[in-house]
Amino acid sequence: MKYEIVIGLEVHAELATASKLFCGCANEFGGEPNTNICPVCLGLPGSLPVLNEKAVEYALRVAEAMHLRVPERSVFARKNYFYPDMPKDYQISQYDMPITIDGWLDVDGARVGITRAHLEEDTGKSLHMGGGGRIHDAEYSLIDYNRAGVPLLEIVSEPDIRSPEQAKRYVEELRGALLAIGVSDVKMEEGSMRIDANVSVRPAGSEELGTRCEIKNLNSLRSLVRAIEYEAERQWALVEAGERVVQETRHWDEEGGRTVSGRSKEEAHDYRYFPEPDLVPVAPTDEMRAHVRATMPELPSERRARYVQDWGIREEDARILVDVPGLGAYAETAVAALDGGGTAKDVVNWTRQEVLAYLNESGGSPAELTPEMLAELVGLFAAGKISRSQAKDVLDESLREQKWPRDIVEEQNLSQVSDEEVLAQAIEDVLAANPGFIDEYRAADDKLKKKKQGFVMGQVRDALDGKANMQVLTRLLAQRLVS
Amino acid sequence: MAARITRQDVEHVARLARLALTEAEVEALTHELGAILDHAAEVSALRTADVPPTAHPLPLVNVLRPDEARTGLPRDEVLAEAPEAEDGRFRVPRILGEAP
Amino acid sequence: MTSAVEIAAGVRAGRRSARDVLEEHLSRIDEREGEIHAFNLVMADQARAAADAVDASDDKGPLAGVPIAVKDNMCTRGIPTTCSSRILDEWKPPYDATVIDRVRAAGAVIVGKTNLDEFAMGSSTENSAFGPTRNPHDLTRVPGGSSGGSAAAVAAGFATLALGSDTGGSIRQPAALCGVVGAKPTYGTVSRYGLIAFASSLDQIGPFASNIDDSALLLETIWAHDPCDSTSMPGARPSLETGSDVRGLRVGLIDEMVAADGIEPAVRDAVVRASDALAAAGAEVGSVSLPSTRYGISAYYLIAPAEASSNLARYDGVRYGIRVPGNDVAEMNANTRDAGFGAEVKRRIMLGTYALSAGYYDAYYGQAQRVRTLIVRDFDRAYEQFDVLLAPTSPTVAFELGAKTADPLAMYLCDVCTVPVNLSGQCAISVPFGDAAGLPIGVQVLAPALGEPVMFRAARAIEQAAP
Ligand SMILES: [Mg+2]
Ligand SMILES: [Zn+2]
């Protein structure tokens, strides 16, 4: 590789609070336009913000999850710029004193530094009318302020990411963590998670940082990867042509598959940050932090480690259980319900194969299933009551119909014959009906021996209506023929 | 100490502040702001390196409200005050660029 | 003129009706409002309905039937709230300010919305889009500002009480110029929810009245913690019925303010005579230096415009108020703001934007915040030695209309004795004390944060000694 990409990400996650950051309006996605608005989030003259305690608690949870430090006090600041989706024409954000700083997140064994995670308010949404709905060609725009004032946590990474793929993995890890600790539903398609990427390139092996461009508002993992790939190529082409990369904001054009300069004819941005005089500082107390620690859910990385350790399963299987919402909990309940037969590993194998396939096909969620049914199935199979292929069929029906495996096995009369006495007697019956078989068998070469074994097994299977446990039968027959 | 404010500074600040000033306003403000800032020079010149800033006269911290959703304002009442509205939304002339 | 205390007592006891009280005031408005122009809006019909409701009520509050005027920068639901600016264009807020709820709940009858310097930026009420208010004592002179309409309304007997807001002296200075009592309470005691912001860290609502007891009564009514205002102070309100006994009270005359350039001799004499009166009543009077307060005006005229430049960004022609068309949204914003704001508001937005902009923040806004600290420290030292401080309210008596409109800096210097208290967040009150050729003079009593009880005590003693 002739060049290296250096990436830092700013992830904006909407916090899943009941109300907005500074007012009591509902924090909801997709309502009728301008129905969750009040004097505060509409920026009406005279209105004042009051901070939502849940948003602070969620920021502190993120601090725990991302190993961030929580400074003694943090301060809100006004970021001043004019834009019609912003009711006060300033955004209440945090500037030089954010609520959390200096943390990290491990991504596939590589550590990505997190500079800060700070609280700020979201903007409203614009609908561009005419010109195909694109901002630049529109005749006019319509504004809905339902989203204005929704709490955001802006999580800023260090420029520690080195490839588009790693950027994607970082976001996946981050999403998993935010979801696990219950602070955001991180639905990129609903815009509850949006990403800005700072991208620069430098010759491979160089330690110096190149000039970076900020690509704004990437709202899918696919866009993130494509935008970074495009932007890195674009910048490297400039470098190779001996031109300068201009530090600027760029926007991802999904249809065109390219980034375009966001420079408007407006003045250079000068946000004139200053401390928000309508709010007082946040100084998280020991009690607030202790409460957060006491109620912290398990992190994905912690849960993966626990599964690997306790169940002896592979890291990649543990990852699937953790990444698919609800699947880990399903497996855990099933393991707990095992009644002597089968192991946690068996449960995991069935879960990540058959159960996951069923969920993918049906679009359902693990929470709708009964994990005890899987435990019962694992027990039936381990006890040799049903064959592997029968077990597959039974599980499939159990999942579809929400029926207990034992009932299915009984209804369909599937139960295998594993009783050694019964099977041994059946073998003797076949041998008795075929006098001379033993002599012929002993005289035969290996190939013919196999064939003759197959004959006996087939006879036994037929005699037992196909329910013979073939594993046990194979073993018994081998013993009988050598003795 | 900063140099005296120029006409270009005034024009730049007017763009930041979204004020479509007339020529005469720019002219007048260049002089007036200059005089006011000259007066403020005494403040800029003070030695205050060891003095912390006071952003706020109040010593409060952690003023928080419970996370409870309440009904907001009736949309019609709000949109009735809007210079222009359409389909339950506020209407504005075309927006030339993405948010900065 | 009948005091608020007497009116409320009379109405509560059934000796007089709120409606009769109101009609007296409305007839005075009929007589003189044309020449004074204290109001942007006289709410005669609503006031009559409110007065009748008070008369019909079994539970009459502490301000039962007291006519009150409200500065037109406090939101009143469904009633135009203009800040004396074209840009708000008769905007009708969909909600009431917390202070409006409180005075109504106490039984006060709102008679109208009073004129002000646009967005409270000014010291003469000449910067109103709807024309100036005139001083009831001399119609050729200003009432002071920015709460000139509220001060004039009380002075002219249009209302017994009035609400104003004080960011750099906007209650105390017009009170002094109109010969009434005006108090700026400690920051955080009166909710700012619904007060249209000028400079958020300095703005404070306070009372106008014609005497100290009425002023205390109104402040007691509006002083309350408000969960809608993050900067509202928790804790119980103290009683302001603190008498007038000043024996042993330590009173400090502020050297810099008594001796400052531009203080008229009559004003200086009044302050000295007021201190003599306090001494005669048993107070220990001394003098104190607050050296950093000489930077008060400069610091104030950086901090207040900086906050204002941000607070006033929202008037962009999108959600309420006027709109002047443009080819795109940015042009529409700029056209709207240029047409909607008056010259002084634009000047301050420009000044504040500049003070916050890249490369100048540290020299201007940052530095002003440090000066603010120095001023706070000066006051802290002074209050180790003294219980209250004494100073002029305004350097001059009421000046003629137009006298200072051409020179912004000269107008800003009207606030030289009042801004330090806004910067420190403490309390102060202007008490009428004599006159100069018929024009009222105000003496300012300053006290530490939450020092209102002792402030009112000293103010009562001065009121009793006033010529
Ligand atoms: Mg941000
Ligand atoms: Zn709201």
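The values are calculated or read from the model by the stated rules, or taken from the named source; none is laboratory data. Predicted model only: the values in this text are computed from it and were never measured. Positions of Cβ are generated from backbone atoms using ideal geometry, with glycine treated the same way; all protein chains shown enter the neighbour counts.
Quick one: in region A:6-23, of everything that is more than 16 Å from ligand 1 (Cβ to nearest atom) and crowded, with 23+ Cβ neighbours inside 10 Å, which residue is nearest to the chain's Cα centre (by Cα)?
Filtering region A:6-23 for residues more than 16 Å from ligand 1 (Cβ to nearest atom) gives A:6-7, A:16-20, A:23.
Applying the additional criterion that residues be crowded, with 23+ Cβ neighbours inside 10 Å yields A:7, A:19-20, A:23.
Values: A:7: 21, A:19: 25, A:20: 25, A:23: 31 Å.
Only one residue fits best here, namely A:7.
Please specify each residue of region B:26-50 satisfying the condition of being among the charged types (D, E, K, R), more than 7 Å from chain C (Cβ to nearest Cβ) and not in a loop (DSSP other than H, G, I, E, B).
The first filter runs over region B:26-50 and keeps only residues among the charged types (D, E, K, R), leaving B:27, B:32, B:38, B:42, B:47, B:50.
So of that shortlist, the ones also more than 7 Å from chain C (Cβ to nearest Cβ) come out as B:27, B:38, B:47, B:50.
Within region B:26-50, B:27, B:38 meet the criteria.
Scanning region B:61-79 for residues that are more than 7 Å from chain C (Cβ to nearest Cβ) and either within 16 Å of ligand 2 (Cβ to nearest atom) or under 27 Å from the mean Cα position of the chain (by Cα) (or both) yields a total of 13. Only residues that are surrounded by fewer than 22 Cβ atoms within 10 Å (Cβ to Cβ) and touching a residue at least 60 places away in the same chain (Cβ under 8 Å) were counted in region C:318-337, giving 1.
Within region A:54-79, count every residue that is facing another protein chain (nearest Cβ under 7 Å) and either among the aromatic types (Phe, Trp, Tyr) or buried (at least 24 other Cβ atoms within 10 Å of the Cβ) (or both). Walk me through it before giving the result.
Here is the first cut: in region A:54-79, the residues facing another protein chain (nearest Cβ under 7 Å) are A:54, A:56, A:73, A:78.
Add one more test, that the residue is either among the aromatic types (Phe, Trp, Tyr) or buried (at least 24 other Cβ atoms within 10 Å of the Cβ) (or both), and what stays is A:78.
Residues that pass the stated criteria total 1.
Taken together, the residues in region A:272-312 that are at pLDDT 95 or above, crowded, with 16+ Cβ neighbours inside 10 Å and part of a loop (DSSP other than H, G, I, E, B) amount to 9.
Taken over region B:80-100, the criterion of being facing chain C (nearest Cβ under 9 Å), crowded, with 18+ Cβ neighbours inside 10 Å and among the aliphatic types (A, V, I, L, M) is satisfied by B:82, B:92, B:95. Taking only pairs six or more apart or across chains, which ones have beta-carbon atoms under 9 Å, a first residue in region C:402-414 that is within 13 Å of chain B (Cβ to nearest Cβ), and a second residue that is among the aromatic types (Phe, Trp, Tyr)? As it stands, the answer is C:409/C:301; C:412/C:300; C:412/C:301, since those pairs meet every condition given. Residue A:64 passes all but one of (1) away from ligand 1 (no atom under 16 Å from the Cβ); (2) modelled with pLDDT of 95 or more; (3) assigned to a strand (DSSP E or B); which number fails? Of the numbered conditions (1) away from ligand 1 (no atom under 16 Å from the Cβ); (2) modelled with pLDDT of 95 or more; (3) assigned to a strand (DSSP E or B), the odd one out for residue A:64 is (3). Within region B:1-29, restricting attention to residues that are buried (at least 18 other Cβ atoms within 10 Å of the Cβ) and over 18 Å from the mean Cα position of the chain (by Cα), which residue is modelled with the highest pLDDT? The extreme case among them is B:25. For region A:98-131, the set of residues classified as of a type outside the set (D, E, K, R), farther than 23 Å from residue A:166 by Cβ and touching a residue at least 60 places away in the same chain (Cβ under 8 Å) consists of A:99, A:119, listed by residue number. Screening region A:77-94 for residues that are within 13 Å of ligand 1 (Cβ to nearest atom) and out of contact with any Ser or Thr (no Cβ under 9 Å at 6 or more places or on another chain) and picking the one that is farthest from residue A:121 (Cα to Cα) gives A:81.
What about residue A:226, is it outside any loop (DSSP other than H, G, I, E, B), within 14 Å of another protein chain (Cβ to nearest Cβ) and not acidic (Asp, Glu)?
Working: outside any loop (DSSP other than H, G, I, E, B): yes; within 14 Å of another protein chain (Cβ to nearest Cβ): no; not acidic (Asp, Glu): yes.
No; evaluated as a whole, the condition is false for this residue.
Yes or no, residue by residue, for (1) more than 8 Å from every other protein chain (Cβ to nearest Cβ); (2) touching a strand residue (DSSP E or B) at 6+ places or on another chain (Cβ under 8 Å); (3) polar (S, T, N, Q):
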position	(1), (2), (3)
C:329	no, yes, no
C:332	no, yes, no
C:335	no, no, yes
C:347	no, no, no
C:365	no, yes, no
C:370	no, no, no
C:382	yes, yes, no
C:389	yes, yes, no
C:398	yes, yes, no
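A count restricted to region A:16-30 and to residues that are touching a residue at least 24 places away in the same chain (Cβ under 8 Å) and within 15 Å of ligand 2 (Cβ to nearest atom) stands at 10.
Run down C:363, C:406, C:382, C:410 and say which single residue is out of contact with any Asp or Glu (no Cβ under 7 Å at 6 or more places or on another chain), small (Gly, Ala, Ser) and at pLDDT 95 or above.
Numbers: C:363 fails: at pLDDT 95 or above; C:406 fails: at pLDDT 95 or above; C:410 fails: at pLDDT 95 or above.
That would be C:382, the only listed residue that is out of contact with any Asp or Glu (no Cβ under 7 Å at 6 or more places or on another chain), small (Gly, Ala, Ser) and at pLDDT 95 or above.
All conditions but one from (1) away from ligand 2 (no atom under 12 Å from the Cβ); (2) at the interface with chain B (Cβ under 9 Å from one of its Cβ atoms) apply to residue A:37; the one that does not is (1). Cβ-Cβ contacts under 6 Å between residues 6 or more apart (or on different chains), taken from a first residue in region A:163-179 that is under 18 Å from residue A:192 (Cα atoms) to a second residue that is of a type in the set (S, T, N, Q), are listed as A:178/A:184. If you go through region A:198-223 and keep only what is among the basic types (Lys, Arg) and within 14 Å of chain B (Cβ to nearest Cβ), you end up with just A:216.
Table: residues versus (1) surrounded by 15 or more Cβ atoms within 10 Å (Cβ to Cβ); (2) closer than 26 Å to residue A:170 by Cα.
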position	(1), (2)
A:315	no, yes
A:320	yes, yes
A:323	yes, yes
A:354	yes, no
A:358	yes, no
A:361	no, no
A:373	yes, no
A:377	yes, no
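Scanning region C:349-363 for residues that are more than 7 Å from chain B (Cβ to nearest Cβ) and assigned to a helix (DSSP H, G or I) yields a total of 4. Go through region A:54-99 and give me each residue that's within 16 Å of ligand 2 (Cβ to nearest atom) and within 12 Å of residue A:282 (Cβ to Cβ). Listed by number, the list holds a single entry, A:55.
Would you confirm whether any residue within region A:47-57 is over 32 Å from the mean Cα position of the chain (by Cα), aliphatic (A, V, I, L, M) and more than 16 Å from ligand 1 (Cβ to nearest atom)? Taking every residue of region A:47-57 in turn, at least one turns out to be over 32 Å from the mean Cα position of the chain (by Cα), aliphatic (A, V, I, L, M) and more than 16 Å from ligand 1 (Cβ to nearest atom). Residues being more than 16 Å from residue A:41 (Cα to Cα) and either within 12 Å of ligand 1 (Cβ to nearest atom) or hydroxyl-bearing (Ser, Thr, Tyr) (or both): count how many of those fall in region A:95-125. Of the residues in region A:95-125, 7 are more than 16 Å from residue A:41 (Cα to Cα) and either within 12 Å of ligand 1 (Cβ to nearest atom) or hydroxyl-bearing (Ser, Thr, Tyr) (or both).
Please go through region C:274-317 and give me each residue that is within 14 Å of chain A (Cβ to nearest Cβ) and free of Cβ contacts under 8 Å to residues at least 12 places away in the same chain, ordered by number. Matches in region C:274-317: C:313, C:314.
Scanning region B:16-25 for residues that are facing chain C (nearest Cβ under 8 Å), over 28 Å from residue A:75 (Cα atoms) and part of a helix (DSSP H, G or I) turns up just one, B:25.
Tell me, which residue of region A:24-34 that is on the phi < 0 side of the Ramachandran plot and crowded, with 24+ Cβ neighbours inside 10 Å is farthest from the other protein chains (Cβ to nearest Cβ)? Break it down into steps so the answer makes sense when it comes.
Residues of region A:24-34 on the phi < 0 side of the Ramachandran plot: A:24-29, A:31-33.
If we keep only those that are crowded, with 24+ Cβ neighbours inside 10 Å as well, we get A:25, A:27.
Working: A:25: 5, A:27: 7 Å.
Residue satisfying both the conditions and the ranking: A:27.
Among the criteria (1) more than 15 Å from the chain's Cα centre (by Cα); (2) surrounded by 24 or more Cβ atoms within 10 Å (Cβ to Cβ); (3) farther than 30 Å from residue C:303 by Cα, the one residue C:127 does not fulfil is (3). Of the residues making up region A:40-53, those that are at the interface with chain B (Cβ under 7 Å from one of its Cβ atoms) and either more than 15 Å from ligand 2 (Cβ to nearest atom) or of a type outside the set (A, V, I, L, M, F, W, C) (or both) are A:52, A:53.
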